[in-house]
């Protein structure tokens with residue numbers, strides 16, 4: 001997608017568009033412009049071991065797109081707004097699937113062109129990459145598009161299936177990627193093709209590139225089988241070569257007369273191994289716009305075109321500059337290293353920065369993959385070894401890729417979307433876009449009064465302002481969006497673990513919640529960025545623009561998004577500890593340490609704490625609550641811990657039990673700590689300095705060891721109870737510590753003996 005010569009002119013004519021507008025578009029685009037880019041990365045070249053595949057759509061810089069869900073239908077008849085094509089499904093109920101459709105301003109209908117989506121069986125479709133065919137093939141097996149003598153496409157006289165219908169047919173009716181290929185091939189065999197395109201049809205097992213080569217000829221290659229360690233960048237080129245065994249249905253499916261038509265047209269070319277060179281036989285040489293983007297894509301993945309394999313013209317002033325021809329263009333090539341998901345998503349924004357002479361940022365005469373007319377981009381992250389419902393994550397980025405953010409969605413499971421962020425296809429107020437086919441509408445992008453709450457419009461306006469004020473806004477805007485994209489990728493890995501552990505029956509509900517949360521977080525961040533950009537531009541763009549939420553030194557957001565955070569309950573890693581104190585003592589604060597186990601740095605700021613105290617003291621209320629403010633984040637780098645404390649009251653004697661409820665404020669989920677019991681006792685009096693214990697005649701403490709001195713050897717306070725009496729008939733025992741007569745009797749006897757001795761001695765002296 002999309003033609004900007006007769007096909008596009010015809011569309012505008014059918015729906016009353018002025019020919020002057022269409023002519024302006026043609027003037028603004030590469031000659032013969034077909035300006036979308038399809039990108040594939042095999043699982044052997046990605047750092048996750050996943051397959052990445054998708055496409056960017058180039059059409060008009062302020063053209064809105066509607067993301068939504070097509071509900072199942074019973075034996076529907078599919079029709080086309082571009083031709084007389086109709087086809088009725090007889091298999092019963094179709095499959096529910098996501099879509100990215102044109103709004104009515106594009107075609108005049110609400111069912112047009114579901115260019116990207118995944119159905120409930122896990123089949124994904126990325127469509128369409130418009131290609132072309134050479135004149136000899138066109139004469140032998142023409143496509144069904146019919147044009148009048150002014151170059152306008154006339155739907156009433158055109159035949160064959162095209163981009164208007166292909167995605168809905170395959171997504172609605174195919175339960176596997178292979179069956180989708182066979183179904184589309186059968187329809188073309190019987191009804192023909194409206195035009196030439198390439199379509200990606202994929203599931204967790206296989207990723208196919210399907211090629212509409214001519215009116216009734218087609219070829220599909222299983223990229224999973226033939227290119228697990230390769231990359232493909234195709235900017236609407238029909239001549240990218242591939243060498244596969246056409247007779248091996250594990251790697252290739254095709255129309256019965258594929259080779260015969262090429263022979264009849266005298267265009268058949270063969271590789272040295274004797275296999276038909278399909279691309280050369282059916283395709284045609286491309287212009288500078290396509291060739292330049294192909295060269296930029298090769299450079300982005302670290303495998304630039306070799307010197308001597310291409311020609312270029314950087315001097316022309318009447319047309320697009322760049323690569324004018326390529327001697328041996330390949331559909332598949334090896335990248336220089338492993339590709340991350342972030343690199344994969346950003347490939348749609350490549351502008352030749354990796355080259356010295358094809359950088360569109362420094363030469364406006366070079367057309368770029370990441371250009372100002374991209375409407376949306378999507379990337380399917382396909383994981384092997386998982387069930388079909390969760391194997392594919394669709395990363396959807398509305399508006400132009402250069403200044404956009406892709407939001408993750410489990411499309412196979414999705415059953416609802418937030419219609420504020422993603423308005424329904426027939427509910428769009430397009431007054432905000434202005435004329436979507438102008439070079440750009442800066443005035444509209446600065447006008448907040450027509451904002452409609454959609455993510456599409458926010459990203460559209462960010463792109464308009466950053467692109468048209470590139471010197472001031474491009475770098476800081478992209479830096480902020482990069483930080484946001486990386487956070488979404490990181491947190492998606494976390495929530496993916498939750499999804500894998502969720503029972504199948506509960507996964508759709510979780511998928512809905514995840515997509516809603518990711519979309520809301522992305523909208524909030526990008527809308528705040530847009531508001532700051534508007535203020536900066538309206539204020540005359542004085543000084544440097546720095547998004548307030550960007551930590552420029554670290555390349556991170558200052559406040560993390562709450563995507564993963566919304567799906568975790570807090571965990572307590574350190575419980576409050578009980579203790580015993582005397583009344584009035586200084587007590588240590590109680591502390592609880594908790595975290596949100598989402599793996600997101602800084603997310604613990606969303607924790608709140610509530611302490612509850614239950615006391616048995618007579619003068620305390622039955623229950624008291626206190627909120628404690630969080631302490632500073634732990635200093636150790638990488639630790640995810642945050643503390644909250646509460647002071648302990650020791651002014652009253654009694655027992656108090658404390659608990660702390662920790663809440664994730666994002667989702668309201670809570671966990672309560674273990675109970676900590678604080679006991680407060682009466683203060684024990686300290687001995688006075690002038691208090692001396694009684695002693696015997698030898699200076700010994702008369703009370704030591706008898707348990708009656710509260711300060712001797714840690715003894716307890718004296719008992720205030722009366723001494724117990726001995727039982728009748730029992731001799732008093734010296735072991736009876738509660739009988740005071742024993743020591744008294746001994747003392748009296750001792751005194752008597754001393755007196756008698758003294759009397760006897762005196763008499764003897766006399």
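Condition first: modelled with pLDDT of 95 or more and closer than 26 Å to residue 349 by Cβ. Can you find one or more residues in the stretch 179-197 that meet it? Checking the stretch 179-197: at least one residue is modelled with pLDDT of 95 or more and closer than 26 Å to residue 349 by Cβ. Against the test of being assigned to a loop (DSSP other than H, G, I, E, B) and either surrounded by fewer than 24 Cβ atoms within 10 Å (Cβ to Cβ) or touching a residue at least 40 places away in the same chain (Cβ under 8 Å) (or both), the options 225, 205 yield a single qualifying residue, 205.
Residues that are in a loop (DSSP other than H, G, I, E, B) and surrounded by 13 or more Cβ atoms within 10 Å (Cβ to Cβ) within the stretch 77-98 comprise 80, 81, 82, 83, 84, 85, 89, 94, 95, 96, listed in sequence order.
Looking across the stretch 228-245, the residues that are part of a strand (DSSP E or B) and either over 16 Å from residue 280 (Cα atoms) or not assigned by TED's automatic domain parsing to the domain that holds residue 304 (or both) come down to 231, 232, 233. Taken over the stretch 64-76, the criterion of being more than 23 Å from residue 124 (Cβ to Cβ) and not in a strand (DSSP E or B) is satisfied by 75 alone.
The lone criterion from (1) without any contact (Cβ under 8 Å) to a residue 24 or more places away in the chain; (2) over 34 Å from the mean Cα position of the chain (by Cα); (3) surrounded by 15 or more Cβ atoms within 10 Å (Cβ to Cβ) left unmet by residue 279 is number (1). Considering every residue within the stretch 317-327, establish whether at least one is touching a strand residue (DSSP E or B) at 6+ places or on another chain (Cβ under 8 Å) and over 25 Å from residue 284 (Cα atoms). The answer is no; no qualifying residue exists. Is one or more of the residues making up the stretch 618-633 at pLDDT 95 or above, closer than 18 Å to residue 664 by Cβ and assigned to a strand (DSSP E or B)? No, the conditions are met nowhere in the stretch 618-633. Of all positions in the stretch 314-328, at least one carries a residue that is in the same structural domain as residue 396 (by TED's automatic domain parsing), under 18 Å from residue 374 (Cβ atoms) and part of a loop (DSSP other than H, G, I, E, B). If you go through the stretch 291-313 and pick out every residue that is surrounded by fewer than 21 Cβ atoms within 10 Å (Cβ to Cβ) and in a loop (DSSP other than H, G, I, E, B), you end up with 7. Of these, 378, 432, which one is farther than 20 Å from residue 494 by Cβ and free of Cβ contacts under 8 Å to residues at least 40 places away in the same chain? On inspection, the qualifying residue turns out to be 432. Contact map, the stretch 83-94: residues that are at pLDDT 95 or above paired with residues that are loosely packed, with under 12 Cβ neighbours inside 10 Å and not in a loop (DSSP other than H, G, I, E, B), Cβ distance under 6 Å, separation 6+ or inter-chain. Pairs shown: 86/77; 88/77; 93/74.
So which residues in the stretch 246-255 are assigned to a loop (DSSP other than H, G, I, E, B) and in contact (Cβ under 8 Å) with a residue 60 or more places away in the chain? Correct list: 255 only. Among the criteria (1) farther than 18 Å from residue 89 by Cβ; (2) in contact with a helix residue (DSSP H, G or I) (Cβ under 8 Å, 6 or more places away or on another chain); (3) at pLDDT 95 or above; (4) surrounded by fewer than 24 Cβ atoms within 10 Å (Cβ to Cβ), the one residue 151 does not fulfil is (3). Reported count of residues in the stretch 331-364, each being in contact with a strand residue (DSSP E or B) (Cβ under 9 Å, 6 or more places away or on another chain) and part of a loop (DSSP other than H, G, I, E, B), is 14.
Of the helices (runs of 4 or more DSSP H) contained entirely in the stretch 101-191, those carrying at least 2 residues that are closer than 30 Å to residue 504 by Cβ fall at 166-173, 177-191. Residue-level analysis places residue 471 among those that are closer than 30 Å to residue 543 by Cα and out of contact with any strand residue (DSSP E or B) (no Cβ under 8 Å at 6 or more places or on another chain). Within the stretch 257-270, the set of residues being closer than 21 Å to residue 188 by Cα, surrounded by fewer than 18 Cβ atoms within 10 Å (Cβ to Cβ) and touching a residue at least 40 places away in the same chain (Cβ under 8 Å) comprises 257, 264. The residues on offer are 160, 180, and the sole one that is in contact with a helix residue (DSSP H, G or I) (Cβ under 8 Å, 6 or more places away or on another chain) and on the phi > 0 side of the Ramachandran plot is 160. I'd like to know if the stretch 175-184 contains one or more residues that are closer than 20 Å to residue 237 by Cβ and crowded, with 19+ Cβ neighbours inside 10 Å. The answer is no; no qualifying residue exists.
The values are calculated or read from the model by the stated rules, or taken from the named source; none is laboratory data. Model, not experiment: these values are computed from the prediction. For neighbour counting, all protein chains shown are included, and Cβ atoms are generated from backbone atoms with ideal geometry for every residue, glycine included.
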